[in-house]
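To start, the structure under review is shown below, and the notes come after it.
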Amino acid sequence: MNIASWLHSTARAKPDTPAIFLGTRPIATYGEFLRRVRARAAGMSLSHGLQPGDRVAVFLKNIPEYLELFYAVWWAGAIIVPVNHKLHPREVAWIVENAGARLLFSEDGATGSETPLPEGCREIAVGSPEWTALEEQGDGTEAPAEVTGEDTAWLFYSSGTTGRPKGVMLTHDNLRTASLAYALDVDQIAGDQATIYAAPISHGAGIYNFVFVRAGGGHVFPVSRGFNPEEIADLSRHFGQTVMFAAPTMVKRLVEWSKTSGYRGDGIRTIVYGGGPMYAADIEEALQLFGPRFVQIYGQAESPMTITSLRREIIADRTHPDHSERRASVGQAMASIEMRIAGDGGPPREGEPGEILVRGPTVMKGYWNNPEASARTLANGWLHTGDVGRIDGDGFLTLTDRSKDVIISGGTNIYPREVEEVLARHPAVLEVSVVGAPSSEWGEDVVAFVVSRPGATCAPVELETWCRREIASFKKPKRYVFCDELPKNSYGKVLKTELRARLAKTDEAS
Ligand code: AMP
C-alpha cells in the first residue's frame, strides 16, 4: 500500500478542512493539498522523467512545500530523501550522489554551485519558475502509484555522530506501522489536533506527519522555520490541542523560557520527546511547570520513532513506588516490536545491561547500497541498535549509553549516563556529558564536561562531594572540564567523539 493513500482518503472525506498553516495562516485545505500533490507528481514525471523507485532529495528548512513534496514524491511511486537542512552543501552533494537522486529541491537552487551535483541530478529551487511549472502539467493521476508495502518510501540518512551517514531504507509498510504504533502507544489522535513542526521534518517530526494526515488534523509550520519557545506558546494558544516532537534540548529551552515568561503550557496537548537523553531532573522540572503533557519515545532511524514509549500517565504518576526509576527509563516496548537485550553468549539476566536488539515490522529493510552494513546490523533477524540498556522486571528499558560510549575503567563498565544523571541534578550544572579518556593506569578515566548555569559557579571539589553522595567512588569523574557549550550535531545530539578528541589533543599538548 502506498502511504500517500492516507492523504487521498482524508482529502476526499474532508476536502474543505484546513490542512496546512504557515504560522496561524491557513494556506491549504486537504482538497488543495491533494490537488497540488497530484499536479506536482505529474510535473516531476512529465518534465523530469521521474519513475517509480527514483530518488528525490529535499534540502529545505521546515516549510509547507516540504510536506507537499513528501506526498508528491510518493504519489509518483518514488522515494523521498530528506536531507538535514543544516548540512554543508558538500555533505548534501555526497548524499545526493550516494542516493543517486534524480532531483534535488532546495531553497536557493545553489547547493550544487560549490560542489557540483552528480550528473543526472537536477536541482530546483522552491518558488522558481521551474518549480511553478511543475504544477502546470495537468491534474495528474486520480490515485497514487501502485507500490507494494515492501517498496522503499523514505531514504533516511542517519544523523551520523561518527563517519559517513548511511541511507536507511524505510518502506511504506514501515511508515504505516510506525504510525499505527503511535496511535496505540504514544497518543490518541483526533482531527482537532494540530502538529507543530518545531523540530526538523527531515527527521522524527516528519515521521509524525502521517497520523495527522490520517486524522485530518492541522500541520503547522512556524514562521521562524525553527524552534522558538515564544512562537510555540503563541501557536499553541491559537490552535489549542497542539502536538509536537521535541528533542530534550528543546524541552529544556521551553522550560527555561517559561520560568521567566510565566507560560505554563496553555494550548499544548502533547510534547513527545526523544532522540537523546532526557535527564530525570529536567523532566521533573518540565512536569512541575507544564503538568502531564509529556510522552517519551525511544527509536532510531533504523526503527523510526518506534522502539519504546514512556506513556504520559506513567511519567506523571508520582504514587508508584518505582516512579523515579520509571521516569528515568524510556518506557516499554511498543506494540509493533519485540525487544531484548543481547547476552554474552547466554541469555541475559533481568536488569543486566547489554546491547538492545529489536525485531518487527517497523525495522528498516536495510541500508541503501550497503549489504555488508545491513547484514551486520540486521544479523540473525534482529536490529542491533548499538544502544546499551537494561530491562527491569516490568519491561521498562533504561538506556545507559551507545555501546561505543561505555567507559571501561579498571576492567569495570561505567555507564556515562548514570554519572550524567547525578551531575545534571546539581543546581549549578546546566549541561553535562561524560566520556572516557585513555589512562595508562586504569585503561580509561571518567571525565565530565560541564556547562555551568549562567551566573553560577561550581568548583570540581563541590561536584566531587556531590557525586560521592550518590554513586560508587570508581564512577566519579577523575577530571572536570568546564566549557561554554557542548559540541552537538545538527539534531542536537552531543558529539562524544569530539569531546574525546578534545581530550586527546590536550593530553598530547601536556
Ligand atoms: P537517530 O537515528 O538519528 O534518530 O538517532 C537514534 C539514537 O538516538 C538512538 O540509537 C539512541 O542512541 C538515541 N536516542 C533516541 N531516543 C532516545 C531517548 N529517548 N533517550 C536517549 N537516547 C535516545
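The values are calculated or read from the model by the stated rules, or taken from the named source; none is laboratory data. Every value quoted in this text rests on a predicted model; they were computed, and no experiment measured them. Virtual Cβ from ideal backbone geometry, glycine too; neighbours counted across all protein chains shown. All accessible areas refer to the heavy atoms of the entire protein, side chains included, with ligands and DNA or RNA removed. Shrake-Rupley method; radii C 1.70, N 1.55, O 1.52, S 1.80 Å.
Some notes on this structure:
- When the alpha carbon gyration tensor of segment 111-195 is reduced to an equivalent ellipsoid, the three semi-axes, largest first, read 30, 23, 16 Å.
- For segment 407-509: relative contact order, % (alpha-carbon pairs under 8 angstrom, 6 or more apart): 26 percent
- Rolled with a 1.4 Å probe across the full set of protein chains, the surface gives ASP16 an accessible area near 130 Å².
- Which of ASP394, ASP151, ASP54, ASP139 is most accessible, then next, and so on - probe 1.4 Å: ASP139, ASP394, ASP151, ASP54
- In order along segment 484-493, phi translates into HN-Hα couplings of 6, 7, 9, x, 10, 7, 5, 9, x, 7 Hz, rounded to whole numbers, per the Karplus curve 6.51 cos²θ - 1.76 cosθ + 1.60 with θ = phi - 60° and x for Gly and Pro.
- Extension gain for TRP131-THR115 works out to 3.5 nm (0.36 nm per residue, less the C-alpha to C-alpha distance).
- For the chain, the carbon plus sulfur part of the accessible surface works out to 50%, probe radius 1.4 Å.
- Within the same chain, lysines fewer than 8 places from LYS476 are excluded, and of the rest, those with a Cα less than 25 Å from its Cα are LYS404, LYS488, LYS493, LYS496, LYS505.
- For segment 76-151 and segment 20-35, distance of Cα centres in Å: 22 Å
- Kyte-Doolittle mean at least -1.0, axial Cα span of 18 Å or more - DSSP H helices of the chain: 30-48, 172-185, 248-261
- Dipole of the chain computed with +1 at Lys/Arg Cβ and -1 at Asp/Glu Cβ about the Cα centre; of TYR491, LEU67, GLY360, farthest Cα towards the positive end is TYR491.
- Which of LEU155, GLY216, SER258, positive extreme of dipole for segment 124-260 (C-beta unit charges): SER258
- Cα→Cβ-extended label distance, 7 Å offset, between ARG479 and ARG318, nm: 4.1 nm
- Relative contact order (%) - segment 375-418, alpha-carbon pairs under 8 angstrom, separation at least six: 26 percent
- The orientation-averaged projected area of the convex hull spanned by the Cα atoms of segment 407-509 comes to 6.8 nm².
- Relative contact order (%) - the chain, alpha-carbon pairs under 8 angstrom, separation at least six: 11 percent
- The heavy atoms of VAL223 present about 100 square angstrom of accessible area, all protein chains included, probe 1.4 Å.
- Accessible area per residue, Å², the chain with all protein chains present, probe 1.4 Å: 41 Å²
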